[in-house]
Amino acid sequence: MGDILFIVLRRLRAPLIALIVIYAVAIAGMVAIPGVDAQGRVWHVSFFHAFYVVSYTATTIGFGEIPYPFTDAQRLWVIAVIYLSVIGWAYALGTVFALSRDPVFRAAAARSFFVRRVAHLSEPYCVVCGYGRSGQEIVKALDALRVRVVIVDIDAGRLDPVAVQPFLRVPLVRTGDARRPEVLRDAGIARPECRAIIAITGDDEANQAIALGARALDPSTLIIARVTDPVIVANLAEFGGIQVIDPYRTFADNLRLGVAAPEVLQLEEWLTASPGSERPATLRLPDGHWVLVGTDRFIAPIAQALAACGQTSQALTELGLPHAVTAATPVAPGTEDSLLGAGIDRAVGLVAATDSDTANLAVVAMARRVNPVLTVVMRQNKAYNRLLVDASQPALTFVQSDVMVHEVLQALTTPLLDRFLDQLRHADPALAREASVSLEAAVGTLAPAVWTFECHADRPGLAGALQDADRPLTIAELMIDPRDGQTPLRVVPLMRVRRTVSAWPPQAVASRRGRGWSAGEPLLRHASPAPGSRLGWPVSDADLLQILPDPATALAAGDAVLFAGAEDVERLQERFAWDSGLIAFVRNGVEPPRSAVFRWLAARRARAASRVSPRP
């Protein structure tokens, strides 16, 4: 607001001075020129009457001549005042209109309006830095979850369509460079309602600068950055406290699972699908030799992933790959001879991943002429080319925006699921098969809802059970329907996490507590019928993890259990956290007294029973 006032006063200084001078001269003239009253006596207009007459005359209202009819000299002066005031007001209004079109003023006004709206947000929101294709898809997905979004982008042209797009809650937008600390402050990253900052511009260095700046301004907010450069990934990992998503490496891991552990890949796709959608089919990629065509940054992690599961590969790239990654010196792509030299005639699979969809389609066509039974994996660069890519019938398609939406929402809503899947990728595939069988028995073949149940001792429904050393709370008790105390819930425990004290840095904990935040607070609250997801503390490498825990496992204060099951089960489980009598009801089958009167009667009966002497 201070910037706007300064600009207004500076630009309107001359018009305001001109109007003040015109009014002062006009009033002085009206007072000085004598008039004649009804009796013919000379009189002079008072300063108040003079100001009144000049005011309605200068604004072209013209009520009349008061308190007596004017003399010719006074009327001549009023004519001069009319022309002077019109010129003054035309000058002032022209300056105001010019100011309204001034880029500096418009930018300052937009910033002031944006800052005020962010300051009045009273609900959780996420800050998305970068509104490219991936940013647009992430904002749409968050809006579908009824999460407020604040968008920051350096290109105003990208933000203009936001006002007319069909959002449930129109995002707040700010044109600016998110690498600058003042822009991040304007976006409200240090406010307690801000739950995450997502750096998803098209520049890895910009994402790194945004992530580091946000971490310096607020050490406690969740920061997610999309980075594909291995050097920047290492830098952010060394800095700590920033969740880095590399879509290329994520896709490479999925490709490796499709070859080495298709059951794990199927379970991962099943758990991360929208609740209610059908279970995906098992993707089994063949063993053998693969030909990789694309850019260095994309096919390098794919070559490493294939080598990790015992596959051979040959890369064709314009820039060349390190010899440590591929077995032979790469050659330029684009000809059938190059594909033959890479062994396309004996290959079982082809990865077409250049920066051009047309080039990828051409490579696939040439490769299939030589090897018709080839398994094809394609990269789709432009959204409008989806039909062309689908027409080539690839076994697997890489769409960066889809991968980023999947990874970001997973990190925001159910971060324990990401840790569970990471453990599963490096475990025996038999665990994935066991989890799939249990899930199918609980929810059928539809995709389950996934959530985290936090065992906090400050929750009234859990306090007594968590402090009972003789009979501790178990996972099995949380898997009983609290409405009747007997019917098993359609749910499967996927992982138990025993929290460590070092999960949050001490300064981050103090910062959040000072802002009214508790460790068990939901990261994103869903107002829609879909079950919400809770973050609690972030998962630490020092946490104790138990995959597919036995239902008889005892729980302690601070534990978290990752569940998957039917959509309505989470709401039923939440009743255990807030109703102090449900745990006893599940254990004993007797519903405890609810009201104060019934609790008093129960206590009275207990005291009476304790006074009855036992028979000899």
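Within region 336-357, count every residue that is of a type in the set (S, T, N, Q) and either open to solvent by less than 10 Å² (accessible area, probe 1.4 Å) or in contact (Cβ under 8 Å) with a residue 24 or more places away in the chain (or both). Steps first, answer last, please.
First, the residues of region 336-357 that are of a type in the set (S, T, N, Q): 338, 354, 356.
Those still in the list that are either open to solvent by less than 10 Å² (accessible area, probe 1.4 Å) or in contact (Cβ under 8 Å) with a residue 24 or more places away in the chain (or both) too: 354, 356.
Selection size over region 336-357: 2.
Residue by residue through region 7-34, note down the ones that are touching a helix residue (DSSP H, G or I) at 6+ places or on another chain (Cβ under 6 Å), at pLDDT 90 or above and over 17 Å from Trp89 (Cβ atoms).
Across region 7-34, the qualifying residues are Gly29, Met30, Val31, Ile33.
From the list Leu145, Leu172, pick out the single residue that is in contact (Cβ under 8 Å) with a residue 60 or more places away in the chain and buried (at least 16 other Cβ atoms within 10 Å of the Cβ). Give the steps one after another, and end with the answer.
Numbers: Leu172 fails: in contact (Cβ under 8 Å) with a residue 60 or more places away in the chain.
Only one candidate passes the filter, namely Leu145.
Contact list please: Cβ distance under 7 Å, first residue in region 17-42 and without any contact (Cβ under 8 Å) to a residue 24 or more places away in the chain, second residue open to solvent by less than 70 Å² (accessible area, probe 1.4 Å), pairs at least six apart or on different chains.
From residues that are without any contact (Cβ under 8 Å) to a residue 24 or more places away in the chain, the pairs are Val31/Val45; Val31/Ala50; Val42/Pro34; Val42/Val36.
Please tell me if Arg75 is modelled with pLDDT of 85 or more, within 25 Å of Thr201 (Cα to Cα) and open to solvent by 90 Å² or more (accessible area, probe 1.4 Å). I'd like the intermediate steps shown before the answer.
Numbers: modelled with pLDDT of 85 or more: yes; within 25 Å of Thr201 (Cα to Cα): no; open to solvent by 90 Å² or more (accessible area, probe 1.4 Å): yes.
No: the conditions fail for Arg75.
So, in region 117-131, of the ones that are in contact (Cβ under 8 Å) with a residue 12 or more places away in the chain and surrounded by fewer than 17 Cβ atoms within 10 Å (Cβ to Cβ), which residue ends up nearest to Val405 (Cα to Cα)?
First, the residues of region 117-131 that are in contact (Cβ under 8 Å) with a residue 12 or more places away in the chain: 117-119, 121-131.
Still in the running and surrounded by fewer than 17 Cβ atoms within 10 Å (Cβ to Cβ): 117, 119, 121-123.
Details: Arg117: 26, Ala119: 27, Leu121: 24, Ser122: 25, Glu123: 22 Å.
So, considering only residues that are in contact (Cβ under 8 Å) with a residue 12 or more places away in the chain and surrounded by fewer than 17 Cβ atoms within 10 Å (Cβ to Cβ), the one nearest to Val405 (Cα to Cα) is Glu123.
Please tell me if Leu548 is modelled with pLDDT of 85 or more, surrounded by fewer than 22 Cβ atoms within 10 Å (Cβ to Cβ), touching a Gly at 6+ places or on another chain (Cβ under 9 Å) and not small (Gly, Ala, Ser). I'd like the intermediate steps shown before the answer.
Details: modelled with pLDDT of 85 or more: yes; surrounded by fewer than 22 Cβ atoms within 10 Å (Cβ to Cβ): yes; touching a Gly at 6+ places or on another chain (Cβ under 9 Å): no; not small (Gly, Ala, Ser): yes.
It is false that Leu548 is modelled with pLDDT of 85 or more, surrounded by fewer than 22 Cβ atoms within 10 Å (Cβ to Cβ), touching a Gly at 6+ places or on another chain (Cβ under 9 Å) and not small (Gly, Ala, Ser).
Are there any pairs, at least 6 apart or on different chains, whose C-beta atoms fall under 8 Å, with the first in region 196-215 and among the basic types (Lys, Arg) and the second part of a helix (DSSP H, G or I), and if so, which?
Arg215/Phe239
Does region 591-613 include one or more residues that are at pLDDT 70 or above, loosely packed, with under 13 Cβ neighbours inside 10 Å and in a loop (DSSP other than H, G, I, E, B)?
no
Checking Thr221 against (1) open to solvent by 10 Å² or more (accessible area, probe 1.4 Å); (2) modelled with pLDDT under 90: exactly one of these is not met. Which one?
Failing condition for Thr221: (1).
Could you list, in sequence order, the residues of region 94-110 that are modelled with pLDDT under 85 and either of a type in the set (A, V, I, L, M, F, W, C) or open to solvent by 60 Å² or more (accessible area, probe 1.4 Å) (or both)? Write out each step before concluding.
First, the residues of region 94-110 that are modelled with pLDDT under 85: 99-110.
Hits for region 94-110 are Leu99, Arg101, Pro103, Val104, Phe105, Arg106, Ala107, Ala108, Ala109, Ala110.
Only one of (1) among the hydroxyl-bearing types (Ser, Thr, Tyr); (2) within 30 Å of Ser401 (Cβ to Cβ); (3) free of Cβ contacts under 8 Å to residues at least 60 places away in the same chain fails for Ser100. Which number is that?
Evaluating Ser100 over (1) among the hydroxyl-bearing types (Ser, Thr, Tyr); (2) within 30 Å of Ser401 (Cβ to Cβ); (3) free of Cβ contacts under 8 Å to residues at least 60 places away in the same chain leaves (2) as the failure.
Restricting to region 175-191, give me the number of residues that are open to solvent by 50 Å² or more (accessible area, probe 1.4 Å) and not hydrophobic (A, V, I, L, M, F, W, C). Let's see the steps before the verdict.
Quick first cut of region 175-191, residues open to solvent by 50 Å² or more (accessible area, probe 1.4 Å) only: 175, 179-182, 185, 190-191.
Next, only the ones that are not hydrophobic (A, V, I, L, M, F, W, C) stay: 175, 179-182, 185, 191.
Within region 175-191, residues that are open to solvent by 50 Å² or more (accessible area, probe 1.4 Å) and not hydrophobic (A, V, I, L, M, F, W, C) number 7.
Filter region 292-332 for residues that are among the aliphatic types (A, V, I, L, M), open to solvent by less than 80 Å² (accessible area, probe 1.4 Å) and modelled with pLDDT under 85 and give the result.
Leu321, Val325, Ala328, Val331, Ala332
The values are calculated or read from the model by the stated rules, or taken from the named source; none is laboratory data. Since this is a predicted model, take the numbers as computed values, not measurements. Quick reminder, even Gly has a Cβ in these numbers, built from the backbone with ideal geometry, and neighbours come from all protein chains shown. Note: accessible area is taken over every heavy atom of the protein model, side chains too, but ligands, DNA and RNA are not part of it. Shrake-Rupley method; radii C 1.70, N 1.55, O 1.52, S 1.80 Å.
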